[in-house]
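The values are calculated or read from the model by the stated rules, or taken from the named source; none is laboratory data. This one's a predicted model, so the numbers in the text were calculated from it and none came from an experiment. For neighbour counting, all protein chains shown are included, and Cβ atoms are generated from backbone atoms with ideal geometry for every residue, glycine included. All accessible areas refer to the heavy atoms of the entire protein, side chains included, with ligands and DNA or RNA removed. Shrake-Rupley method; radii C 1.70, N 1.55, O 1.52, S 1.80 Å.
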Amino acid sequence: QLSAITPPGPVGPVNVTVINPDGAMAKLVSGYIYEDKPGPQITSISPTSGPSSGGTEVTIVGSQFDPGVKVLFGNTSVTSLQRKSDTELVVITPEGDLGAVDVTVTNPDGSSYTLPDAFTYVGPPKPPEGLAARAVSANTIELSWVAATGATSYEVYFGESRSDQYFLASTTGE
């Protein structure tokens, strides 16, 4: 007995050929039939918004969710995915920038469906990334960072922990 996973193929019958190491072979004409199976579809998601920090449990309802399905919020994979059935997925959202993102489901065969602007990240923006400090003089430093989407201002503090922080300055997000 031999088991194999079929590669993608056109709809319709195909021949199946088995070749032994010594070159002997057997062919089963029309031994396998590729079906015209529709890809996944999303009909609804709930809830449709959550914090930019991620961690929101979202139920995705639709059809044709195959075992091994993957889900993206924007361009980021979900942090957890449970396939309840071929019509229901429960996922945990990843961290995201403020605003609406597409939700995409992709089956292992490569078929996918995207629901545009299906989920909206709300709340405070993510922290800035790439914080760097450069000494300009004996008592002056220059700070730089990549602005977080949705941030309109920043406050700069100096200290090791929350209890001993000293306020230095504030700035706009521009």
The number of residues in the stretch 91-115 that are out of contact with any strand residue (DSSP E or B) (no Cβ under 9 Å at 6 or more places or on another chain) and over 15 Å from Pro38 (Cβ atoms) is 0
Checked pairs for the stretch 4-25, first in contact (Cβ under 8 Å) with a residue 24 or more places away in the chain and under 16 Å from Lys37 (Cα atoms), second in a loop (DSSP other than H, G, I, E, B) and open to solvent by 80 Å² or more (accessible area, probe 1.4 Å), C-beta under 7 Å and 6 or more apart or across chains, list as Pro8/Asp109; Val11/Glu35; Val11/Asp36
Over the stretch 77-118, the set of residues closer than 30 Å to Pro10 by Cα and among the charged types (D, E, K, R) is Arg83, Lys84, Asp86, Glu88, Asp102, Asp109
The residue from Ala118, Ala138, Ala148 that alone is of a type in the set (A, V, I, L, M) and within 29 Å of Asp36 (Cα to Cα) is Ala118
Filter the stretch 81-114 for residues that are hydrophobic (A, V, I, L, M, F, W, C), closer than 17 Å to Ile42 by Cβ and more than 13 Å from the chain's Cα centre (by Cα); the one that is least open to solvent (accessible area, probe 1.4 Å) is Leu89
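Name the residues in the stretch 17-65 that are hydrophobic (A, V, I, L, M, F, W, C) and assigned to a strand (DSSP E or B), would you?
Scanning the stretch 17-65 gives Val18, Ile19, Met25, Ala26, Leu28, Val29, Ile33, Ile42, Ile45, Val58, Ile60, Val61.
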### Query
Scanning for something open to solvent by less than 50 Å² (accessible area, probe 1.4 Å), closer than 17 Å to Phe73 by Cα and either among the aliphatic types (A, V, I, L, M) or under 28 Å from the mean Cα position of the chain (by Cα) (or both), does the stretch 126-146 turn up at least one residue?
yes
Checked the stretch 66-119 for anything touching a Lys or Arg at 6+ places or on another chain (Cβ under 8 Å) and not in a loop (DSSP other than H, G, I, E, B); matches are Ser77, Leu81, Leu89, Val90, Val105, Thr106
Those residues of the stretch 67-80 which are at pLDDT 95 or above and open to solvent by 20 Å² or more (accessible area, probe 1.4 Å) amount to Pro67, Gly68, Lys70, Leu72, Gly74, Asn75, Thr76, Ser77, Val78, Ser80
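Please pick out the residue among Gly23, Gly39, Gly31, Gly54 that is out of contact with any Cys (no Cβ under 8 Å at 6 or more places or on another chain), of a type outside the set (A, V, I, L, M) and within 24 Å of Pro127 (Cα to Cα).
Within the list Gly23, Gly39, Gly31, Gly54, the selection yields Gly54.
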In the stretch 37-49, is there at least one residue being in contact (Cβ under 8 Å) with a residue 60 or more places away in the chain and open to solvent by 100 Å² or more (accessible area, probe 1.4 Å)? no
